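Report on one structure; see the data block that follows.
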Amino acid sequence: MPAVLEALTRPRPLIEGASAAGDPIEVLPAVFHALWQRQLTAGLDTPLHERVPVGPQGWSGPQTGDAG
C-alpha cells in the first residue's frame, strides 16, 4: 500500500500509477482498496477505467472547465 500511495501522490491515469508501483496485476487490488478507503480519489463524472485520473485524498478530480 505505501508504494501505491507514493505512486499516486500526483494525479495520473490509474494504470500508470499501478504500473509505477509494481506489476499492475498485483497492484490494482491495492489501488481499488485505497479508492474504497478514500486514501485515493477519482472523479465521479466518469466510469472507473484504466485511464481515469486518480490522485491523493482531497484531490477533486480533473476540472471540466464548466464554471457554472
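The values are calculated or read from the model by the stated rules, or taken from the named source; none is laboratory data. In this text, all values refer to a predicted model and were calculated from it rather than measured experimentally. Positions of Cβ are generated from backbone atoms using ideal geometry, with glycine treated the same way; all protein chains shown enter the neighbour counts. Just so you know, the surface numbers come from the protein's heavy atoms only, side chains and all, with ligands and any DNA or RNA stripped out. Shrake-Rupley method; radii C 1.70, N 1.55, O 1.52, S 1.80 Å.
Numbers below:
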{"quantity": "Estimated 222 nm signal from helices in the chain, with DSSP H stretches of n ≥ 4 weighted -39500 (n - 2.57), rounded to 500", "calculated": "-11000 deg cm²/dmol"}
{"quantity": "Mean Cβ neighbour count within 10 Å, used as a protection proxy, ranking 15-21, 28-34, 1-7 highest first", "calculated": "15-21, 28-34, 1-7"}
{"quantity": "Alpha-carbon Rg with Dmax, taken over the range 1-44, Å", "calculated": "9.0, 26"}
{"quantity": "Contact order normalised by residue count of the chain, Cα under 8 Å, 6+ apart, percent", "calculated": "35 percent"}
{"quantity": "Per residue solvent-accessible surface (Å²) - the chain, probe of 1.4 Å", "calculated": "66 Å²"}
